[in-house]
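Structure first, commentary second.
The values are calculated or read from the model by the stated rules, or taken from the named source; none is laboratory data. Please read all numbers here as calculations on a predicted model, not as lab measurements. Glycine gets a Cβ as well: all are built from the backbone with ideal geometry, and neighbour counts include every protein chain shown. Surface areas here come from the heavy atoms of the whole protein model, side chains and all, with no ligands, DNA or RNA. Shrake-Rupley method; radii C 1.70, N 1.55, O 1.52, S 1.80 Å.
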Amino acid sequence: MSTDSYPELAEAVAGVRLVDHHVHSCLAQPVDLPAFGDLLTESDRPAPAGTSPFDSQVAFAVRRHCAPLLGLDPHAPIEEYVAARAALRTDEVDRRLLGAAGVDRWLIDTGFRGDALVDLQAFGARVPGAYVEEVVRLETVLEQVARDGDAAGLEERFRTALCTAAGGAAGLKSVIAYRYGFEFDPSRPSAAEIRTASSRWLTRLDRDDAAARVDDPVLLRMLLWYGVDTGLPLQLHAGFGDPDLDLRRCDPLLLAAWLRLVEPSGSNVMLLHCYPFHRQAGFLAQAFPHVYLDVGLAVNYTGAASPAVLAEALELAPFGKVLYSSDAWGPAELHLLGAVLWRHGMTEVLTRWVRAGEWSVADAIRVARLIGRDNAERVYGGRRG
Amino acid sequence: MSTDSYPELAEAVAGVRLVDHHVHSCLAQPVDLPAFGDLLTESDRPAPAGTSPFDSQVAFAVRRHCAPLLGLDPHAPIEEYVAARAALRTDEVDRRLLGAAGVDRWLIDTGFRGDALVDLQAFGARVPGAYVEEVVRLETVLEQVARDGDAAGLEERFRTALCTAAGGAAGLKSVIAYRYGFEFDPSRPSAAEIRTASSRWLTRLDRDDAAARVDDPVLLRMLLWYGVDTGLPLQLHAGFGDPDLDLRRCDPLLLAAWLRLVEPSGSNVMLLHCYPFHRQAGFLAQAFPHVYLDVGLAVNYTGAASPAVLAEALELAPFGKVLYSSDAWGPAELHLLGAVLWRHGMTEVLTRWVRAGEWSVADAIRVARLIGRDNAERVYGGRRG
Amino acid sequence: MSTDSYPELAEAVAGVRLVDHHVHSCLAQPVDLPAFGDLLTESDRPAPAGTSPFDSQVAFAVRRHCAPLLGLDPHAPIEEYVAARAALRTDEVDRRLLGAAGVDRWLIDTGFRGDALVDLQAFGARVPGAYVEEVVRLETVLEQVARDGDAAGLEERFRTALCTAAGGAAGLKSVIAYRYGFEFDPSRPSAAEIRTASSRWLTRLDRDDAAARVDDPVLLRMLLWYGVDTGLPLQLHAGFGDPDLDLRRCDPLLLAAWLRLVEPSGSNVMLLHCYPFHRQAGFLAQAFPHVYLDVGLAVNYTGAASPAVLAEALELAPFGKVLYSSDAWGPAELHLLGAVLWRHGMTEVLTRWVRAGEWSVADAIRVARLIGRDNAERVYGGRRG
C-alpha cells in the first residue's frame, strides 16, 4: 500500500472558499463552562451524573481545532479553553473562529431561537468580506402571522408573509421532520383541508400558548407546497437532531412520494444532515434531479469519525448533488468545526482514493470545489447579501 | 501499523475466474456521449442543468479502468473516452472489456429491455471460452402469456411457460421489489385469489397497454411460489435501483416471514445488491441456510468507495453465502467494472485483515475464491451453456 | 499520512481490566467439531451442504486468537483446534481462555438455557479473583412462577419473585426484542389488562407447554415496567440475534416513546448489541441521559471487520454512555474473543484518530478505560459478587 500524500490536493481542499448553505447565527452572550457543555450536544437534557458533556467527538474536536486559535495547545483541557474564551470579547472569539473557517458565503436560517443569537447584520460584521444571506423558516413565517387575523384568513396571511420573506431570501427551510416526521400525505392540501386545520390550530392556540409551535400535518404540508411554489431551494431537516424528533420518521426515503410530486415544479429540495440515513439520501440524489444533500450536522457531531460519513455520502450521490454545511447554531466553534472537519475529512477520503489509483488528483480537487462551493453557487444563484 | 502488501494474495484475487451470477447482456448499438451518460446512472431522468452525468463514482471508474483498454491513459476525459469507443466496432469494444473481466461463466437475466441488447448467442461470441446461461425473469414469463387466453387459464399458461423456460435456465429472477416491494403477504396465494387477480389484471390490460407490466401483489406472489417450486436458485432484486422503486419497501428484512415459509422447500434465495441494507442481508444469510447475497450493483455504483461496502457484506454473512455479480446492463464497461472493482476492493479489504494479523493469507485467498466463483458453482450447479 | 503507532496507547488498551456487563456462563460439557460449529453462529439451523460453519469471521477469529492459548499456531485448522481443545479438561480450557480475557467483573445473564452451562459458582472458580454477579432475565422470572397459582395472582407472584431475584442482582435483562419486538404500546399496562393477559396466557399454557415461553405483549410490558421500578440497570437485547427474531422490529429507535416515559424514573436502559442499528442507538444515547449502549455481540460476529463497528458506535454516543460486553454464551472462546477483538479494534480506531491529529493519546487512553470499565462501574455500582 502506498502511503503517498498529495500536497496539492491537501492545499486545494484547504483553500476552497466555502459556501455554508445551512447555518445559524452565533451567540449574543458569553458562555460559562456548563452552558458551553449544553451547546455541544443535540440533547436538551443534562449529562447524567458521573459523565462529562465534554466526552464526545464534538467536544474533542473543539479542544483540538479551536484551542490553537485562542492561543492554547491543541487538546487543551476544556476548562482552560473556556477560560481563554471568557478572557476575550465574544465578538473577538467569533471573529477568530468564523474567520478561520474560510467561508465566504453564509446562508443563515433565522427561524430558531433567534433571540439568543446575534442578528444577520452583527453576524456580517464578524465576517468582513463574506456574504450573509437569509434562509427563511416556513414554520416561523406561519407562526408569526397566526394571531393576526382569523382562521379563514390564515392561508392568505401566510402567503403574503411568505411572499415578503422570500423576496430577500436565498432559500427556505422546513422542520416538518421535527414537527411531524416524513410520513405525511404527499399531496397538496385543498383549501378546505387548510381551513379546517387552521381553525383547529387557532382554537388550540387560544387555549395554550405552547400550541403556537405548529405541528398540524395539513398546515405543515401547506408550508411545503407554498415553499415549492416560490422556486427557491427548499431545505428539509432530515435525520438526527434533538430528542424532540422521532428519528424513525426522519428517514428521507419516506419523502419519496412527495419528491415525485414536487419534481415537475423544477424546485430543488435540499436534504440536510440525513445521518444515519445519508446513504438513503444519496440514492434519492442519484434518482431525482431536484434532490441534493449534505451531511452537515453529522460531520460536527462525529468529529474524528466523520471521514467515514463523508465517504458514505459520496457513494451513490452524483458529485454535483452534494453540498457543504455546518448547521452550526450558537458557539462559533461549531461554525469553524464544520469547515475544518470537512476539509480534513475530504482530504483524507480523497487522498485514499487517489492513493488507491482510483481517482486522479485533478478530479479530486475539482470534486472538492464542487461540494464545498460550486454546487451551492449554482443552486442558490446570485448573492443577495 | 504494518504497510506490508501480500503479492500472492493480490495475484490470487486477480486470477480468480469469476462467475457473474447476475448480469444482463450488452448493448446492440454504439452510443454517443449523452446516451453513455444516461447508461451510467440508475436514474431515468436527465442530470440537472449545470451538473455532469459523469461526475459520479461509476463514471470516474470507467475513466480509470476502461480507458487503458481502449489505448488511453487512466482518467482520460470522458469525451476522449467516448470518442475512442466510437472509433472501434461495438463488438470489438465488448470483446476487450468483457475479456478483461476474467469471467468465465455469465448468468444472464434476459427479462429487461432485451430489445436494446445483443442476444445470448451474440454475447457468447464476444466471450469465447466462457459459459453463457440464462436467468429467466418470472414477471416476463407471465407477461408473455398474458394475452394468450382468458383469465381463468392464466395460472396454467404461466405454469406451462415457466416449465419450458426453467428447463434451460440456470436460475430465476423476480423484481417484486420494483413492482410492489417486500411488504407482501408471505403465504402462497390460493387458486381463487389467483383467479380473481388474473381477471382484474387482464381487464386492466384490455384497457391499458401499460398494465402489461404486472404489479398485482397476488400475481407477483404466485410467481415467487412457482419459482420456488422449480428448485432453481431464485434471485430477488433487493435494495436500490432506479427511481421506480420505493427503497423503503426493498429492505430484505421485510422478506423474513416469506423466507421462513420457503425454507422447507430447499430452494435457495439469492438476494441481489441489497445496498444500503447489505448488513441486514448479511444477517439473513447467517440466520437462514437458504439465503445468499451479493452487493453487485452497489460495487459498480460506489466505485472507489466500494471496499467499505464489500467489507460490510463480510461482517455477518458466512463466507459460503456471498457471491459475485456485476448486475451490468448495457455498456460492457459495467461488465468489466464489476469485476475490476470487486478484485481491487477484495484485495484491499483482505490485505487489511491479513496485515492486522487477523486472517492468514491462505484463508484470504480461499475466501476470495469462494465468493468469486466456488459458491456460485455450488449453488447453480453444472453448466447448461 | 503518518504510520506512527503509539505503544503507550496499545499497552493501556491491552491493560484495561474489563467489566463484561452482559455475558452468559460457559459450557458444562466438552464439544466435538459439529457441536462447536453450531455454537459459532447465531443460527439454529445447520450450514447448507457444501459450506463450512467455520467459514465466518467469528470462526476465523477463534483460530487466530484462541489457538495460541492451546499451544497451536495462529490460524491453525479448526480440526486441530477442536482436537487440542478436546485433549484438555473443559475447565482447563475455560481457565486459559477466560483468564486471558483480562476481565475482572462478569455480569452474567442466567436466563437462557442455563442447563447447558456451568453455574455462577463454577464459573467463578474458573476466573479466580474476578467478581461474578447475576443479571436476572425478567421473562425467566415470570415463566418460573407461571404455574404456581392462578391468573389473578400472577402479577403479584411475579412482583414477589422479582423482588427476591433483584435483591442479589447487578441488573435486569429483557428479551422483548425476541418475543415481540419493540413496536409495543409504551405505556404501563393497567392491572385489568394484566389480569386479562395473564388469564389468556395461562389458559394457553395449560394446553401447550411451548406457550411457557411468554410472548404476550402486555405481560412483556409489565416486566419492563416492574424492571424499571427496581432502579437496577435494565438491559435490552436490541438488533440482531438468532433467526427467531424479526430484525425489523428490533431497531432501538422503535423504543423512543417508551424511553421518554421511562426517563423520569431515573432508571438506566442498556441497549445491547444494536447492530446494524448501532448508529441509531448512538443517537438515543446522545439524546437521552438514561440510555447506554454496547456493540458486544456484533464485535464477536464481525471479527476482523469489527473495528468499523466500534468506530460507528463512537460517532454520536457520548463516551460516558458506551460499555463493553461480549454477550458470550457457551464456549469460552466467545468470552475471550469479545475482549481480544475489543482491544484490537479500539487500539486500531483510537490509533487512527491520534495519528490523524484529532485526538491526544491521553484522551484516547481515558476513553478506552471509560468504555472498557469505568462506565460500567459507575452504572452498576458496587460489587455484589
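Could you quickly flag the chain B residue whose beta carbon comes closest to the rotation axis taking B to A, and that distance in whole angstrom?
Of all Cβ atoms in chain B, the one nearest the axis gives B:THR3, 4.
Determine the total buried accessible area between chain C and chain B, counting protein heavy atoms only with a 1.4 Å probe; round to the nearest 100 Å². Don't skip to the end; give the middle numbers.
Details: alone 15750 and 15760 Å², together 28290 Å².
In total, this chain pair buries about 3200 Å².
Give the cross-link partners of B:LYS173 among the lysines, using a straight C-alpha distance below 30 Å as the criterion and excluding same-chain residues fewer than 8 apart.
Cα-Cα hits under 30 Å: B:LYS321.
Convert each backbone phi in the stretch C:118-131 into a coupling constant with the Karplus relation 6.51 cos²θ - 1.76 cosθ + 1.60 (shift: θ = phi - 60°), then list the ³J(HN,Hα) values in order as whole Hz, x for Gly and Pro.
Per residue, the Karplus-derived 3J(HN,Hα) values read 6, 6, 4, 5, 5, 4, x, 5, 7, 10, x, x, 8, 8 Hz.
What residues have an amide H closer than 5 Å to that of C:LEU117, excluding those fewer than 5 places away on the same chain, when H is modeled at 1.01 Å from N in the peptide plane?
The list, which skips near neighbours in sequence, is C:ALA28.
To the nearest 20 debye, what is the magnitude of the charge dipole of chain B about its Cα centre, counting +1 on the Cβ of each Lys and Arg and -1 on the Cβ of each Asp and Glu?
So the dipole magnitude of chain B works out to roughly 660 debye.
Pick out which of C:TRP225, C:TRP106, C:TRP359 has the largest mean-square fluctuation in a Gaussian network model of chain C, springs linking Cα atoms closer than 10 Å.
Comparing C:TRP225, C:TRP106, C:TRP359 in the GNM, the peak value goes to C:TRP359.
What does the charge add up to near B:ALA165, with Lys and Arg as +1, Asp and Glu as -1, over the other residues with Cβ less than 10 Å from its Cβ?
Around B:ALA165, the charge tally is 0.
Hey, what's the stretch A:1-160 come to in accessible area per residue, 1.4 Å probe, Å²?
42 Å²
Tell me the distances, shortest first, between A:GLY168 and the same position across the other copies, using label points 7 Å along Cα→Cβ, in nm to one decimal.
The answer, with the shortest distance listed first, is 7.3, 7.3 nm.
Which distances in nm, rounded to one decimal and ordered from shortest, link the label point of C:VAL361 to the equivalent label points in the other identical copies, with labels set 7 Å from Cα toward Cβ?
3.2, 3.2
Going by amide H atoms built from the backbone, whose H comes under 5 Å of the H on C:ARG105, apart from near neighbours?
Under 5 Å from the amide H of C:ARG105 lie the amide H atoms of C:ASP20, C:TYR131, each far enough along the sequence or on another chain.
I'd like the residues of the stretch C:231-245 whose 1.4 Å-probe accessible area shrinks by no less than 40 Å² going from the isolated chain to the full set of protein chains.
C:PRO243
Would you calculate the convex hull of the Cα atoms in the protein assembly as shown and tell me its volume per residue in Å³?
That works out to 174 Å³ per residue.
Which far-off residues, 5 or more places away or on another chain, put their amide H under 5 Å from the one on C:HIS273, with H placed in the peptide plane?
So C:HIS273 has HN proximity to C:ASP294, C:VAL295, C:GLY296, C:LEU297.
Stokes-Einstein diffusion coefficient for chain C at 37 °C in a medium of 0.692 mPa s, Rh from the Kirkwood formula over Cα pairs: what value in µm²/s?
Estimated diffusion coefficient is 153 µm²/s.
What is the antiparallel percent of DSSP beta bridges lying wholly in chain B, to the nearest 5?
Antiparallel bridges make up about 5 percent of those DSSP assigns within chain B.
Residues of the stretch C:228-385: accessible area per residue at 1.4 Å, in Å²?
For the stretch C:228-385, the solvent-accessible area averages 20 Å² per residue.
Tell me whether the stretch C:45-144 comes out rounded, prolate or oblate; compute the Cα gyration tensor, take square roots of the eigenvalues as a ≥ b ≥ c, and use a/c under 1.5 as the rounded threshold.
Note, shape of the stretch C:45-144 comes out oblate.
Based on alpha-carbon centroids, what's the gap between the stretch A:143-157 and the stretch A:271-292 in Å, whole number please?
So the separation of the two Cα centres works out to 34 Å.
Roll a 1.4 angstrom probe over the protein heavy atoms and tell me the percent of accessible area of the protein assembly as shown that is carbon or sulfur.
That share works out to 51 percent.
With a cut-off of 8 Å between alpha carbons and a minimum separation of six or more residues, what is the relative contact order of the stretch C:1-157 in percent?
Relative contact order comes out at 29 percent.
Only loop residues by DSSP count here, and only those with at most 14 other Cβ atoms within 10 Å; note down the chymotrypsin sites (Phe, Trp or Tyr not before Pro) in the stretch B:1-85 that meet that.
Hits after loop and neighbour filter: nothing returned.
Under the definition of Cα pairs under 8 Å and six or more residues apart, what whole-number percent is the relative contact order of the stretch B:284-385?
28 percent
What is the stretch B:146-251 by shape, rounded, prolate or oblate, if you read a ≥ b ≥ c off the alpha carbon gyration tensor as root eigenvalues and call it rounded for a/c under 1.5, prolate for a/b larger than b/c, and oblate otherwise? All intermediate terms of the calculation are to be shown ahead of the outcome.
Working: a/c = 1.61, a/b = 1.13, b/c = 1.42.
It is oblate, given that a/c is not under 1.5 and a/b is not larger than b/c.
Highest GNM mean-square fluctuation, chain B, Cα pairs closer than 10 Å: which of B:ALA61, B:ALA83, B:ALA12?
B:ALA83
Suppose every K and R has +1 on its Cβ and every D and E has -1 on its Cβ; what is the size of the dipole of the stretch B:233-385 about the Cα centre, in Debye to the nearest 20?
420 debye
Over chain B, what relative contact order in percent results from Cα pairs under 8 Å that are six or more residues apart?
In percent, rounded to a whole number, it is 23.
Placing the label point 7 Å from Cα along the Cα-to-Cβ direction, what are the distances from B:ALA191 to the equivalent spots in the other copies, shortest first, in nm to one decimal?
5.7, 5.7
Counting helices only, and only those DSSP H runs with n ≥ 4, report the 222 nm mean residue ellipticity of chain A as the sum of -39,500 (n - 2.57) divided by its residues, in deg cm²/dmol to the nearest 500.
Theoretical 222 nm ellipticity from helices: -13500 deg cm²/dmol.
Suppose we keep just the DSSP beta bridges with both residues in the protein assembly as shown; what percent of those would be antiparallel, to 5?
The antiparallel proportion sits near 5 percent.
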